[in-house]
Amino acid sequence: MLGADPVVTQIQLGLLLRTLRTSADLTALEAGAHIGLTNASMSRIEGGKQAIKPDDVLALLDIYRADDAATAEALRLASVPRPRARRKRGQSYRDAVPNWFKRFLVMESEASDVLVYENETVTGLLQTEDYARILLQSGAPMAGTHEIDKQVDLRISRQHILTRTDPAPPLLDLIMHESVLHRVIGDDKIMAAQLKHLVKVSKLPSVRLQILPFHPKPTPNRDEAFTAKSQFMLLRLPEQGTVLYLEDFTGATYPEDYTVIDQYAASFQRLRSAAADPAESRALIGRITKQYE
């Protein structure tokens with residue numbers, strides 16, 4: 001999707017090096033000391049925020065005892081030219097993908113499971129083109145039509161992961177608050193089409209969609225009264241474990257504290273307990289759709 005983008009390959013290399021280091025049972029401090037880098041530098045490299053010289057990659061691969069396949073992939077990624085310096089703010093509207101979002105795209109494409117809670121809008125992987133366009137225009141009112149078209153194309157192209165065959169698609173486990181269905185984005189026509197699309201894609205084997213209704217059924221642990229203040233996403237990566245993704249107006253954060261990640265994972269399960277099951281959720285979406293027709 002992003003080709004041999006230098007930022008993307010730098011992120012992919014960082015993820016691979018972290019996986020190899022963990023498998024070798026070495027700390028970032030120990031690995032960094034081997035090539036003369038600080039623990040902070042190793043953290044930035046593995047997070048895809050700092051480039052690393054091919055010679056240093058080779059040295060790390062040696063102490064990680066990487067096999068031939070991992071070695072070849074790491075060296076391929078390390079050979080891609082480094083990202084150019086960022087443009088100065090205000091020079092022009094950036095019509096490419098922001099670097100912070102490129103890291104997310106890499107992880108989304110590699111995840112085996114994508115767990116999402118949404119309380120504001122339909123998640124990007126399930127948006128129609130018209131719905132996505134309205135949201136993107138509102139987020140960048142100064143952008144031209146060409147820039148918005150590129151952003152829309154990217155958002156829609158991401159959705160192929162739900163129907164791909166090689167590798168297998170990730171499981172999209174989505175909980176949406178009923179308020180998402182009532183908040184009009186665009187107009188009634190756009191909303192009707194969006195809700196019909198939700199029903200359609202919810203039947204895919206790779207999608208589990210549940211709606212948290214305004215009047216949820218009582219649960220033994222009072223999960224129906226549990227509230228999540230904002231949207232969040234958990235991405236389960238086969239090698240790296242679970243990553244927590246929190247997005248705001250200016251970018252995104254990836255909390256690495258396992259306690260925090262566990263709290264969000266537990267919160268997702270509580271929200272699921274109070275949400276309607278997939279069949280009931282489709283029926284609810286269908287009833288609300290009629291209000292827009």
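The values are calculated or read from the model by the stated rules, or taken from the named source; none is laboratory data. Bear in mind the structure is a predicted one, so any value in this text is a computation, not a measurement. Reconstructed Cβ throughout: ideal geometry from the backbone, glycine too, with neighbour counts over all protein chains shown.
Working only within segment 157-174, note down all residues that are of a type in the set (D, E) and either surrounded by fewer than 14 Cβ atoms within 10 Å (Cβ to Cβ) or in a helix (DSSP H, G or I) (or both).
Hit for segment 157-174 is D166, nothing else.
Would you mind stating whether A192 is of a type in the set (A, V, I, L, M, F, W, C) and in a helix (DSSP H, G or I)?
yes
Which members of segment 175-192 meet the condition of being under 12 Å from I288 (Cα atoms) and surrounded by 17 or more Cβ atoms within 10 Å (Cβ to Cβ)?
Across segment 175-192, the qualifying residues are E178, V180, L181, M191.
Any chance segment 277-291 includes a residue that's outside any helix (DSSP H, G or I), at positive phi and not hydrophobic (A, V, I, L, M, F, W, C)?
No.
Taking the criterion of being buried (at least 17 other Cβ atoms within 10 Å of the Cβ), modelled with pLDDT under 95 and of a type outside the set (S, T, N, Q), would at least one residue in segment 259-282 satisfy it?
Yes, segment 259-282 has at least one match.
Could you run through segment 125-154 and say how many residues are surrounded by fewer than 18 Cβ atoms within 10 Å (Cβ to Cβ) and without any contact (Cβ under 8 Å) to a residue 40 or more places away in the chain?
So the count comes out to 8.
Any idea how many residues of segment 114-156 are over 20 Å from K200 (Cα atoms) and outside any helix (DSSP H, G or I)?
7
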